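The values are calculated or read from the model by the stated rules, or taken from the named source; none is laboratory data. The shown structure was predicted, so the numbers you read here are calculated from the model rather than taken from an experiment. All Cβ positions, glycine included, derive from the backbone under ideal geometry; neighbour counts span all protein chains shown.
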Amino acid sequence: MLAGAAVVLALWAAACGARSERAGGGEPRDVILISIDTLRASHLGCYGYGKPTTPNLDHFRQDAVLFQQAIATAPSTLTSHASMMTSLLSRQHGASFDLHRGLSPRFLTVAGVFRRHGFRTVSFNDGGEISAEVGIGNGFDLYQSSRPTDRYHFAAIVSQAIGWLQASSPGPLFLFLHTYEVHHPYTPDRSFLAMMEPPYHGPLPAGETDMATLIAINEGRLQAGPRDRAHVVATYDGEIRSMDEAFGRLLAFLRSRGRYDGALIVFTADHGEEFDEHGTLGWHAHTLYDELLRVPLLIKFPNGEHAGETVASQVRVIDIAPTLVAALGWPMPEQFRGADLTPLVLGRAAAPRFAVSRFDSLPTAAIRTSSWKLIGSRLYDMRSDPAETRDVAAQHPEIVCFLGRRLAAQEAERPAASGPRVELTAEERDRLRSLGYLP
């Protein structure tokens, strides 16, 4: 029991740390937040992936701080983005696609903070679960979603942003970009797919992975062997490479206009995707394992500050908004429950924070440290079992008890919210149907 108590004390220390500290590098005039829907960290070159999915992002990484263990609050789009924008856990903001609850306007978003301080707040996005109707656009002067389509391309979002930047007058800007490009169905251009696999000849569609194919495989109605399943992954990777091309175009434009060096740029995702790690292929929102919750997070501070550094400590999507506010030297909003990541960047706080994640509407939740993860009543030792295959709750009841209490305490820090009921337009229903959210 002494060893168990020591572990508990170490976990308790992980909850402590500074809330706000400037990272330096000068005050940015452009702050750009990019969220690539359904992008898992482990499929990016800068996170060690072997395929050439992200040459532009890998180059950007040289100018940025890379966070190795960034954890989302949910394996679903609306709930996770609501946390990203409000720095609240899902139980605290109450936004849920499954429950038809949007983000209440009573919550302050990071866009609202920037607008209060005189920044123009602009977003170009793919809508759907983050459409204006569900409240993610709260605090934006301009919140423009693309029209429903069966093919989503980050290139279209980047073109809209570049066009607006070319036509707009100078001034401090907060820009939020989002795309569903790497979300299923996977429909990459053939040139990008060819970079990920040799020519495929099998029972699955050769150039894409549609929703019907994924559903049939996961329901056992379509038999798919290892080569077929690798083809599905390749179509996902091809979408990532297409997204990366558009990301490179955005960076090139910023450089050509002298706006890159002084900008604060965040690249992240709302959740990942499972590829057979726990029995499902090409899907998300159904588990709380790391393939769905561990997301990329890279932050480029202005003027090369901290370029190329790596933070190994666990961080969370809810920490993004506080970090942006701290970078501008503004008072931290009382609502924010995340923490400024600057102390970690400066090497002044090595202990990770507790990461709480929850299903969109189901009662099960997870709480994670760098060493342990509790999902419901199941406990995983992340040091010896990072794939989360062995439940060791029976061997460590004191850790189960401690993490369970910390989970309850974290979610109770603010009363649970109930967002407004959302009635989607016909256009938004078409968009969500194309992404597999509606039948």
Report task. Would you please list the contacts, defined by Cβ atoms under 8 Å and residues six or more apart or on different chains, that run from a residue in the range 325-351 that is more than 26 Å from R91 (Cβ to Cβ) and among the small types (G, A, S) to a residue that is at pLDDT 95 or above and assigned to a loop (DSSP other than H, G, I, E, B)? Result -> A327/F301
Query raised in the report: When only residues in the range 358-369 that are buried (at least 20 other Cβ atoms within 10 Å of the Cβ) and not charged (D, E, K, R) count, which is nearest to the chain's Cα centre (by Cα)?
Result: F359
Requested in this report: Collect the residues in the range 145-171 that are surrounded by 12 or more Cβ atoms within 10 Å (Cβ to Cβ), at pLDDT 85 or above and not aliphatic (A, V, I, L, M), keeping them in residue-number order.
Outcome: S145, S146, Y152, H153, F154, S159, Q160, W164, S168
Query raised in the report: Is it the case that A263 is farther than 30 Å from H117 by Cα, among the hydrophobic types (A, V, I, L, M, F, W, C) and surrounded by 14 or more Cβ atoms within 10 Å (Cβ to Cβ)?
Result: no
Query raised in the report: helices (runs of 4 or more DSSP H) wholly in the range 1-115 with at least 2 residues that are at pLDDT 95 or above - which ones?
Result: 55-61, 77-86
Requested in this report: Select from the range 45-81 the residues that are within 11 Å of the chain's Cα centre (by Cα) and either under 22 Å from S242 (Cβ atoms) or free of Cβ contacts under 8 Å to residues at least 60 places away in the same chain (or both) and list them in ascending order.
Outcome: T77, H81
Query raised in the report: Looking at the range 234-248, is at least one residue among the polar types (S, T, N, Q), within 19 Å of Q62 (Cα to Cα), within 19 Å of the chain's Cα centre (by Cα) and at pLDDT 95 or above?
Result: no
Requested in this report: Please list, ordered by first then second residue, the pairs with beta carbon atoms under 8 Å, 6 or more apart or interchain, first in the range 92-118 and in contact (Cβ under 8 Å) with a residue 60 or more places away in the chain, second among the charged types (D, E, K, R) and surrounded by 24 or more Cβ atoms within 10 Å (Cβ to Cβ).
Outcome: G94/R101; A95/R101; F97/E129
Requested in this report: Please work out if G139 is among the small types (G, A, S) and part of a loop (DSSP other than H, G, I, E, B).
Outcome: yes
Report task. State all residues of the range 394-410 that are surrounded by 18 or more Cβ atoms within 10 Å (Cβ to Cβ), touching a helix residue (DSSP H, G or I) at 6+ places or on another chain (Cβ under 8 Å) and outside any loop (DSSP other than H, G, I, E, B); if no residue qualifies, say none. Result -> I399, V400, F402, L403, R406
Query raised in the report: Does the range 246-259 include one or more residues that are free of Cβ contacts under 8 Å to residues at least 60 places away in the same chain, closer than 28 Å to L173 by Cα and assigned to a loop (DSSP other than H, G, I, E, B)?
Result: yes
Query raised in the report: Does the range 265-282 include one or more residues that are touching a Ser or Thr at 6+ places or on another chain (Cβ under 9 Å), under 23 Å from P172 (Cα atoms) and polar (S, T, N, Q)?
Result: yes
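One line per residue, one yes/no per condition, for (1) closer than 24 Å to D126 by Cβ; (2) in contact (Cβ under 8 Å) with a residue 12 or more places away in the chain; (3) touching an Asp or Glu at 6+ places or on another chain (Cβ under 7 Å); (4) surrounded by fewer than 12 Cβ atoms within 10 Å (Cβ to Cβ):
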{"site": "D189", "(1), (2), (3), (4)": "yes, yes, no, no"}
{"site": "L193", "(1), (2), (3), (4)": "yes, yes, no, no"}
{"site": "T209", "(1), (2), (3), (4)": "yes, yes, no, no"}
{"site": "A216", "(1), (2), (3), (4)": "no, no, no, no"}
{"site": "E219", "(1), (2), (3), (4)": "no, no, no, yes"}
Report summary line: Filtering the range 175-192 down to residues that are under 13 Å from the mean Cα position of the chain (by Cα) and either under 17 Å from V232 (Cβ atoms) or of a type outside the set (A, V, I, L, M, F, W, C) (or both) yields H178, T179, Y180, V182, H183
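A quick yes/no check of all residues on (1) in contact with a Gly (Cβ under 6 Å, 6 or more places away or on another chain); (2) farther than 22 Å from D276 by Cβ:
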position	(1), (2)
T364	yes, no
I367	no, yes
W372	no, yes
T389	no, no
A394	no, yes
P397	no, yes
Report summary line: Only one of (1) touching a Lys or Arg at 6+ places or on another chain (Cβ under 7 Å); (2) part of a strand (DSSP E or B) does not apply to G338, and that is (2)
Query raised in the report: So which residues in the range 290-324 are farther than 24 Å from T369 by Cβ and buried (at least 22 other Cβ atoms within 10 Å of the Cβ), if there are any at all?
Result: K300, F301, L324
Report summary line: Counting only residues that are in a helix (DSSP H, G or I) and out of contact with any strand residue (DSSP E or B) (no Cβ under 6 Å at 6 or more places or on another chain), the range 192-217 contains a total of 8
Query raised in the report: Out of all the residues in the range 120-130, is one or more part of a loop (DSSP other than H, G, I, E, B) and within 17 Å of L33 (Cα to Cα)?
Result: yes
Report summary line: Just one listed residue, out of D319, D360, D391, is in a helix (DSSP H, G or I) and either in contact with a strand residue (DSSP E or B) (Cβ under 7 Å, 6 or more places away or on another chain) or of a type outside the set (S, T, N, Q) (or both), and it is D319
